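I am attaching a structure below and will ask some questions about it afterwards.
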Amino acid sequence: METDFLVIGSGIAGLTYVIKVAEKFPDKKVVVVTKANEGESNTQYAQGGVAIVQNATDSVEKHVQDTLKSGDGLCDEEVVRTVISEGPKCLTDMISWGVDFDTDSEGEFDLGKEGGHSEHRVDHHKDITGAEISRAMLTRLKKLNNVELLSHHFVVDLISDHHLKKDLPELKTTCYGAYVICEKEGKIITISSKITVLASGGIGQVYGHTTNPVIATGDGIAMAYRIKARVKDIEFIQFHPTALYSAETTPTFLISEAVRGLGAKLRNKAGVEFMYQYDNRGALASRDIVARAIDSELKNTGENFVYLDCTELDQEKFTVHFPNIKEKCKSLGLDVHKNFIPVVPAAHYVCGGVQVNSDGQTSIQNLFACGECSHTGLHGANRLASNSLLEAFVFADKCAIKSIELIDSIEFKAEIPEWNSDGTTAPKEMILISYNRNELQRIMRDYVGIVRSNQRLERALKRLHLLYEETETLYQTTTISPQLCELRNLITVAYLIVTHSIKRKENRGGFYNLDLA
């Protein structure tokens, strides 16, 4: 298969890029590859919203300073100012594509406030903003005749010079497309592309206890790393402070930060509101501070969770803003107006990823990246709440602009070798894959979580080496399957998190090592 543009992922970043380039070039082909159904992405599960300056009391400068403070000195200020300044354009485009943001009785946008924000500036659609954005964008995409969306297709690897000329490691690498498993037909196809875009989302399944869907296995980051793309700041993992406590469920159900923005309090087992002991902003401190505070409380008390107290909130407002949260709690026998909600931090967002420049270009020629899999410099050491959807849109737009500029100067690569496999079937013993996946997640939760130490990191690295060797043997001796590829990608991402954590010599934002305190 040949396509002008190959997009890997169908969240807000991938769909924004597709719409932009497909509408600009109706005569050029765009192929979107997604490993589950078309709407399954981290975007789908985003509750909070999109942070955009539009309130009369707000300003770009206030939003910039909130972002820089949350990023703990590691943000690229030029990128921060660019992304935040382009917020209104982002809002205009999304509304034109049919995204329905909530408004108040006067018809003005009903702006929410979340942790780390000094103003109300979060546009939202109840507590399912991501699902609404995904719905509207997929509807728009289906009207474009030059777009082919391949659901249930899994990308095994990106095609690069490392596949074509393995004896030339110093060669400046170019991406030529991808090898993709068609799960329905059980075979690997070769997709040759002029420009390839990684919009593959997050890495939450590295930890297991996560707000991310089961598809969030870091595939894009791992594939890019294998062809020598630069990866930066991947040690900065953001744990969402308030996931609904459940011993088994994955993904864990997210209790939006906007609930605390409405006035909910965090309490320990004794019912004591504890956040002001850690930060003068209380429950509205930035996520890294709140997550570490909860972690500290749990270690001090030996409990499995703390409580989110919504009992003093306006019942009507809560029902209007958070109907799905209320319904989920009700299904578990919890009346949010009478009962405290048990919550615990869960892996939520990776602030680093495949390094890109101001146009979204990676260090690999003709390979772009946007969304959570990329590192733009916006988030620094800790992402400010609701900045991620904004970043995904803005950088997808930048990727599209640069791609439109370059596309006619790029030729298809001739003589790309087919994948050297007879086909794909599930390995005979899936227990080998599932056991290693579970072991990987235990290692990362226990040793590379909210609080780390040199000893924990060294232990994690040793155990990851064993998992890597076992999995590579399996990869070389069995037919390729999505499950095996996901495990391989998870191990790669875990290795990157651990090695980057070992190299990090100061505590910043979402990274905390006891030995550096």
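The values are calculated or read from the model by the stated rules, or taken from the named source; none is laboratory data. On a predicted model such as this, the values are computed, not experimentally measured, just so you know. Backbone-built Cβ (ideal geometry, glycine too); neighbour counts: all protein chains shown. In case anyone asks, the SASA skips ligands and DNA or RNA and just uses the protein heavy atoms, side chains included. Shrake-Rupley method; radii C 1.70, N 1.55, O 1.52, S 1.80 Å.
Across 10 Å bins from the origin, how do the percents of Cα pairs in the range 422-510 run, short distances first?
The distribution over the range 422-510 is 16, 46, 25, 11, 2, given as percents.
Helix 60-70 versus the longest principal axis of the chain: what is the Cα-based angle in degrees, 0 to 90, to the nearest 10?
90
Here's a follow-up. Out of all Cα-Cα pairs in the chain, roughly what percent, to the nearest whole number, are more than 35 Å apart?
31
How far is helix 287-301 tilted, in degrees, relative to the longest principal axis of the Cα atoms in the chain, given as a value from 0 to 90 rounded to the nearest 10?
The two axes meet at around 70 degrees.
Same structure, new question: Hey, what's the per residue convex hull volume over the C-alpha atoms of the range 339-491, in cubic angstrom?
192
Skip the ligands, DNA and RNA, and give the accessible area per residue of the range 180-238 with a 1.4 Å probe, whole Å².
Details: 1550 Å² over 59 residues.
With the other protein chains kept in place, the range 180-238 gives 26 Å² per residue.
Further question: With angles folded into 0 to 90 degrees, how steeply does helix 129-141 sit against the dominant principal axis of the chain? Use alpha carbons for both and round to 10.
30
How about residue 20: which aspartates and glutamates have a C-alpha closer than 13 Å to its C-alpha, ignoring those fewer than 8 places off in the same chain?
Within reach: 93, 397, 405.
What's the ranking of 99-110, 386-397, 498-509 by average number of surrounding C-beta atoms within 10 Å, highest first?
Descending packing order for the listed peptides: 386-397, 498-509, 99-110.
Students often check this: by mean Cβ neighbours within 10 Å, which of 272-278, 62-68 ranks highest, and how do the rest follow?
62-68, 272-278
Here's a follow-up. How many Å² of accessible area per residue for the range 1-110, probe 1.4 Å? Walk me through the numbers on the way to the answer.
Numbers: 4400 Å² over 110 residues.
Solvent-accessible surface per residue comes out at 40 Å².
Another question about this same structure. Of all DSSP beta bridges located in the range 1-160, what percent are antiparallel, nearest 5?
Of the beta bridges lying entirely in the range 1-160, close to 30 percent run antiparallel.
Considering only DSSP beta bridges with both partners in the chain, what is the antiparallel share in %, to the nearest 5?
So the antiparallel bridges amount to about 60 percent of the total.
So if we plug the beta-carbon distance of residue 152 and residue 479 into 1/(1 + (r/R0)^6) with R0 = 25 Å, what FRET efficiency do we get, rounded to 0.05?
0.90
Ok, one more. Return the calculated 222 nm mean residue ellipticity for the chain, to the nearest 500 deg cm²/dmol, obtained by summing -39500 (n - 2.57) across DSSP H runs with n ≥ 4 and dividing by the residue count. Don't skip to the end; give the middle numbers.
Working: 15 runs with 186 residues, N = 517.
Using -39500 (n - 2.57) per qualifying helix, the result is -11500 deg cm²/dmol.
Cross-link candidates for residue 328: which aspartates and glutamates have Cα within less than 14 Å, leaving aside residues fewer than 8 places away along the same chain?
Residue 328 reaches 127.
If packing is taken as the average number of other Cβ atoms within 10 Å across a peptide's residues, how do 413-419, 3-9, 263-269 rank, most packed first?
Per-residue mean Cβ counts within 10 Å order the peptides as 3-9, 263-269, 413-419.
Can you tell me how the range 136-224 classifies by the Cα gyration tensor, rounded, prolate or oblate, using a/c under 1.5 as the rounded cut?
Working: a/c = 1.84, a/b = 1.24, b/c = 1.49.
Oblate shape, in that a/c is at least 1.5 and b/c is the bigger or equal ratio.
Between residue 439 and residue 105, what length in nm is gained on full extension when 0.36 nm per residue of separation is reduced by their alpha carbon distance?
Extra length available between residue 439 and residue 105 comes to 115.1 nm.
What whole-number value in Å² describes the accessible area per residue of the range 365-486 for a 1.4 Å probe?
Averaged over the residues of the range 365-486, the accessible area is 45 Å².
Now, a different point. How much of the accessible area of the chain, probe 1.4 Å, is carbon plus sulfur, in whole percent?
Its accessible area is 47 percent carbon and sulfur atoms.
GluC sites (Glu not before Pro), restricted to the range 230-270: which are DSSP loop and have at most 15 other Cβ atoms within 10 Å?
Of the GluC sites (Glu not before Pro), the ones in loops of the range 230-270 whose Cβ has at most 15 other Cβ atoms within 10 Å are 248.
Any chance you could check the Cα centroid distance between the range 439-517 and the range 1-67 for me, in angstrom?
Here the answer is 29 Å between Cα centres.
Using a Cα-Cα cut-off of under 22 Å, which lysines could be cross-linked to residue 184, ignoring same-chain neighbours fewer than 8 residues away?
List returned: 35, 142, 428.
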